[in-house]
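Any read-out appearing in this document is the output of simple, stated calculations on the displayed coordinates, not a laboratory observation. Since the model is a prediction, treat every value here as computed from it, not as a measurement. Because the Cβ atoms are built from the backbone with ideal geometry, glycine has one as well, and the counts that use them run over all protein chains shown.
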Amino acid sequence: MSGVLVYSDRDDLAHDLSAWAAAQREVLGEPTAAVLGARAAERAEACRAYGAVRIHVCDAPAVTDLLDDAVAGVLAELVTREQISVVLIGATRRGRSLAPRLAQMLEAGCVSEAVELGLEGGRIVTGRYSLGGNTISREWVRTPIQIIAVAPGTVERAVPGAVGGDLITFEGQVNASRAAVIERRDKPGLETNIADSERLVCFGRGLASEEDLPLVQDLAEALGGEVACTRPLSYEYGWLPEERMIGISGQKCSPKLLVSIGVSGQVQHTVGIQGAKTIVAINTEKGAPIFKQADYGIVGDMYKVVPLLTARLRGGRGGGAAMKASQPQE
Amino acid sequence: MRIVVCLKEVIDLAQVRFKTDGRTPVLDGLPVRLGAFEKNALEEAIRIKERLTEVEVIALSAGSGRLKESIKEALAMGADRAVLVLDPLLEIADSAGVARTLAAALERIGSWDVCLLGEGSDDEYTGQTPSRVAVLLGLPQITNVRELDIAGDGRVRGTRDLEAELEVVACDSPVVVSVTSELNTPRLPPLTAILKAGRKPVEVWTLADLGLGPGTVGPREAQVEVLSNLAPAGSRKNQILDGDLEAQIEELLRSLEREGVIS
């Protein structure tokens with residue numbers, strides 16, 4: 001193999017993937033990176049601490065908006081010119097549609113959201129969710145050039161090392177996108193990052209009414225955590241903003257503790273909680289699939305269980321205040 | 001204006017069962033239906049047709065012979081006609097093979113303005129097809145679109161749903177657009193429409209009609225080789241607590257403290 005090229009529109013993912021590629025250098029060849037878009041030079045400088053031996057920098061106006069066709073054009077030229085055999089792309093939403101665009105330009109095979117990345121017998125083997133999240137498809141890309149988009153959190157978080165790596169200004173042709181960004185707006189209600197929370201309380205359709213939200217919010221507060229929900233509660237009912245929705249089309253979380261309340265446990269949801277260290281499930285239905293995904297299960301009515309649990313965490317025993325003095329809050 | 005909606009047929013994923021090992025999926029005999037994201041794409045095309053005049057909506061799909069039945073749902077929802085590419089090779093084709101087939105069919109359909117696809121499919125959710133089709137046809141793409149506006153003159157505006165922001169992208173047609181499920185709520189066709197769907201035109205093509213075959217679409221041409229496809233090995237404790245509720249909660253908190261997940 002003749003080398004790896006790393007790219008992401010999210011710098012921290014590019015750093016993580018650079019560090020991973022650098023650690024596999026003996027097998028995969030030289031790790032290189034590309035930094036494109038606004039403030040590329042400054043961001044490339046920060047990238048130097050993560051193991052790439054060359055960092056290609058392009059801040060041409062044509063790539064400022066990071067539209068797929070313009071970015072893929074620059075990356076395709078780098079792959080060809082530098083004889084790259086593996087391209088690792090951060091699987092953000094942009095990355096997920098960029099990766100197959102680049103792959104098709106290079107007639108390459110592509111894995112568009114790897115959640116496992118490893119080396120077996122000198123080749124890269126990836127895992128991705130398949131059959132609606134029921135299974136993990138382990139596969140390898142057979143084409144001479146391999147394009148792999150890697151989900152956030154798949155490889156270890158990189159720590160900066162010795163600063164090295166040459167910055168090289170991209171001198172090739174930059175073709176502007178045939179589309180144009182005419183407006184950007186921040187998503188409303190973006191207030192938390194569920195994916196990074198250490199403790200989560202996630203509720204499903206078992207919560208009967210929006211007015212009952214304080215029940216789960218109180219538990220989350222007692223745990224020092226955040227509230228999350230399943231898809232219908234966000235998209236259909238709008239009880240919580242979508243960045244608090246966990247599942248295959250929402251957030252994938254990896255908290256230390258996830259308390260799942262009134263969630264049936266459909267696979268489209270449980271894909272998003274597989275990274276949790278410990279899962280507690282509370283559900284009235286003994287046969288609910290969520291119990292198969294849980295470490296600890298309480299079969300019971302959430303309207304009885306949750307207030308007791310919250311009170312006990314707040315220092316009371318069974319709702320009383322006797323323990324309050326001996327169990328200070330965080 | 002002509003809008004082509006690419007639809008994928010997927011198995012009913014809620015019915016996937018596993019062999020006694022608990023990990024090997026059993027898919028034989030499961031019912032198939034049109035994918036959910038694809039219905040969002042189709043719904044949007046039909047709404048555009050209702051808003052503008054002179055819009056033709058074509059449902060395009062590539063896959064197995066069962067599509068002849070499942071495509072009726074798309075026709076009942078409001079597609080004017082359907083084009084199906086049917087070939088056993090398509091059942092085992094990878095994203096690149098499917099994209100090649102759809103792109104060839106889109107070329108054979110001739111002129112159109114917007115090609116709509118789902119951002120991913122219910123089953124594999126790889127989301128490669130829109131980008132690959134766009135490259136094969138030499139077209140720009142607007143992906144992850146949750147609001148779509150097509151003017152009568154063919155100017156397309158799509159609002160892309162990115163992680164932290166919404167990005168409005170404009171582009172002249174023809175363009176390939178992939179849509180998210182937030183775009184709309186697909187209609188349930190009334191019974192009369194379902195009955196009439198069978199009378200709408202369905203054109204059936206083979207891979208050979210498109211100049212494709214075993215040398216271009218199929219297992220030997222697959223770019224990605226699957227080594228295994230199994231349910232993850234279970235590693236949860238699956239401990240259901242018993243006793244009265246207060247005892248259960250005490251035991252739960254002791255366990256969570258022991259594991260160091262609460263303080």
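Some notes on this structure:
- Note on chain A: Cα-Cα pairs beyond 34 Å make up 36% of the total pair count.
- Among B:122, B:161, B:21, the residue with the largest mean-square fluctuation in a Gaussian network model of chain B, with springs joining Cα atoms closer than 10 Å, is B:21.
- Other-chain or far-sequence residues with amide H under 5 Å of residue A:150's (modelled H): A:89, A:90, A:91, A:114
- Inter-site label distance for residue B:257 and residue A:285 at 7 Å from Cα along Cβ, in nm: 3.5
- A simple spin-label model places the labels of residue A:83 and residue B:247 7.2 nm from each other, with each point 7 Å out along Cα-to-Cβ.
- Calculated FRET value between residue A:198 and residue B:24, using beta carbons and R₀ = 60 Å, to 0.05: 0.95
- The HN-Hα couplings worked out from phi for region B:28-42 by the Karplus form 6.51 cos²θ - 1.76 cosθ + 1.60 (θ = phi - 60°) are 4, x, 6, x, 10, 8, 6, x, 5, 4, 5, 5, 4, 5, 5 Hz, whole numbers, x standing for Gly and Pro.
- Anisotropy class of region B:2-221 from Cα gyration tensor, a/c 1.5 cut: rounded
- Distance between region B:1-44 and region A:129-157 - C-alpha centres, whole angstrom: 20
- Inter-label distance for residue B:172 and residue B:15, nm, one decimal - labels placed 7 Å from Cα along Cα-to-Cβ: 4.8
- From its DSSP helices (H runs of at least four residues, each -39,500 (n - 2.57)), the protein assembly as shown gives a residue-normalised ellipticity at 222 nm of -7500 deg cm²/dmol.
- Above-threshold pairs, the threshold being 21 Å between Cα atoms, out of B:8/B:200; B:39/B:196; A:252/A:304; B:8/B:72; B:19/B:72: A:252/A:304; B:19/B:72
- Length-normalised contact order for region A:194-313 - Cα pairs under 8 Å, 6+ apart - percent: 26
- The value for the protein assembly as shown of Rg(Cα) / (2.2 N^0.38 Å) is 1.00.
- Straight-distance candidates among the lysines for linking to residue A:256, with alpha-carbon spacing under 22 Å and chain neighbours fewer than 8 residues away dropped: A:277, A:292, B:237.
- The alpha carbon gyration tensor of region A:190-303 gives principal lengths a ≥ b ≥ c with a/c below 1.5, which makes the shape rounded.
- Cα centroids of region B:122-164 and region A:15-69: 26 Å apart.
- Annotation: the antiparallel percentage among DSSP beta bridges lying fully within the protein assembly as shown is about 35.
- The value of relative contact order for region A:4-169, using C-alpha pairs under 8 Å at least six residues apart, is 28 percent.
- DSSP finds beta bridges in region A:4-169, and of those with both partners inside it, around 30 percent are antiparallel.
- Ranked list, fewest to most other Cβ atoms within 10 Å of each Cβ, for B:212, B:106: B:106, B:212
- Per-peptide average of other Cβ atoms within 10 Å, ordering B:26-36, B:124-134 highest first: B:124-134, B:26-36
- Percent RCO, i.e. relative contact order, over chain B, from Cα pairs under 8 Å lying at least 6 residues apart: 23
- Computed FRET value (nearest 0.05) for residue B:108 with residue A:303, which takes r as the C-beta separation and R₀ as 60 Å: 0.50
- Amide N proximity, region A:73-99 versus residue A:168 label position 7 Å along Cα-to-Cβ, cut-off under 14 Å: A:75-85
- Whole-Hz ³J(HN,Hα) from phi, Karplus 6.51 cos²θ - 1.76 cosθ + 1.60, for region B:94-103, glycine and proline x: 8, 3, 5, x, 5, 4, 4, 5, 5, 4
- For residue B:83, distant residues with modelled amide H under 5 Å away: B:59, B:60, B:61, B:203
- Karplus 3J(HN,Hα) series, Hz, for region A:221-231 with 6.51 cos²θ - 1.76 cosθ + 1.60 (x for Gly, Pro): 5, 5, 8, x, x, 10, 9, 9, 8, 8, 4
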